[in-house]
Amino acid sequence: MRRRRGTAVLLAAALCLAGTLAGCAQSVDPIERLGKKAAQKVRTHGPPADAYRRWGLDAPLAPAPRPGVRRPAVRAAGPGLPPVVDRVPTRDKVVFLTFDDGAERDPRFVDLVRELRLPVTVFLTDSVVGPGYAHFGRLRAVGASMQNHTLDHPYLPGLPYAGQRAEICGQQEKLKQRFGIRPRLFRPPYGEYDGDTLRAAGDCGV
């Protein structure tokens, strides 16, 4: 995994993620979550043209590419450990949209994601989100994917296995309580991890 500070850029609606400890989850296409009938309707009609103008765009965005035959480069970490994905091979002109932590909670962003049907993934840290889970519930309702970024955003290699497991599993449980799902994807704070991180992530269901 490449070292990175601050928010990294990643995610594709049709591909698994970069910079993340994860196995390939099922499709994370937000439109697919609407159900087969609704998804067909959305894909047939797409966002109305005035939605783009309302957000300052001159023309509609190109649709997200469908899943390709090339899969993310997965580095096997060892038996029983989750694979590490740090890049998505593609020649498509795409931008991967993800947000870390959960500090920003602009309600207009929910409208933007809904109206333009943007595929977005959010890696949440419980101590940063604080009382703001309702905002991310609204974001999830319009198709965003909620994933794990620990309880308190520590530098994980500085913690023993038990501490790392508490951080990762604790946030798995928080997100399960809030949204009814246990994340399949995990991004370690600062992009830093060690063998105990991999063991803990695997034990927590990543």
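The values are calculated or read from the model by the stated rules, or taken from the named source; none is laboratory data. If you're wondering where the values come from, they're calculated on a predicted model, not measured in any experiment. Note: ideal-geometry Cβ built from the backbone for every residue, glycine included; neighbour counts use all protein chains shown. Please note that ligands, DNA and RNA were not included when accessible areas were found on the heavy atoms of the full protein model with its side chains. Shrake-Rupley method; radii C 1.70, N 1.55, O 1.52, S 1.80 Å.
Numbers for the structure displayed
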item	result
Answer residue from segment 154-188, given it is in contact with a strand residue (DSSP E or B) (Cβ under 7 Å, 6 or more places away or on another chain) and assigned to a helix (DSSP H, G or I) and is nearest to Val128 (Cα to Cα) among those	Gln171
Candidates Pro89, Pro72 - the one that is on the phi < 0 side of the Ramachandran plot, outside any helix (DSSP H, G or I) and at pLDDT 70 or above	Pro89
Single match in Phe99, Phe109, Phe186 (criterion: of a type outside the set (Asp, Glu) and open to solvent by less than 50 Å² (accessible area, probe 1.4 Å))	Phe186
Leu81 vs. criteria more than 14 Å from the chain's Cα centre (by Cα) and touching a residue at least 12 places away in the same chain (Cβ under 8 Å)	yes
Condition met for Arg165 (open to solvent by 30 Å² or more (accessible area, probe 1.4 Å) and closer than 27 Å to Pro65 by Cα)	no
The lone exception for Gly143 - which of (1) small (Gly, Ala, Ser); (2) part of a loop (DSSP other than H, G, I, E, B); (3) farther than 25 Å from Val113 by Cβ it fails	(3)
Residue among Pro82, Pro60 that is surrounded by 13 or more Cβ atoms within 10 Å (Cβ to Cβ), modelled with pLDDT of 80 or more, touching a strand residue (DSSP E or B) at 6+ places or on another chain (Cβ under 7 Å) and of a type outside the set (Asp, Glu)	Pro82
Cross-chain or 6+ apart pairs with Cβ under 7 Å, segment 90-112 first and more than 21 Å from Tyr52 (Cα to Cα), then of a type in the set (Phe, Trp, Tyr) and open to solvent by less than 70 Å² (accessible area, probe 1.4 Å)	Asp100/Phe123; Gly102/Phe136
Any chance Phe123 is surrounded by 17 or more Cβ atoms within 10 Å (Cβ to Cβ), among the aromatic types (Phe, Trp, Tyr) and part of a loop (DSSP other than H, G, I, E, B)	no
Gly170 vs. criteria open to solvent by less than 40 Å² (accessible area, probe 1.4 Å) and under 14 Å from the mean Cα position of the chain (by Cα)	no
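Residue-by-condition table, conditions (1) part of a loop (DSSP other than H, G, I, E, B); (2) open to solvent by 30 Å² or more (accessible area, probe 1.4 Å); (3) under 17 Å from Pro183 (Cβ atoms):
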position	(1), (2), (3)
Leu118	yes, no, no
Ser127	no, yes, yes
Gly132	no, no, no
His135	no, no, no
Leu139	no, no, yes
Gln147	no, no, yes
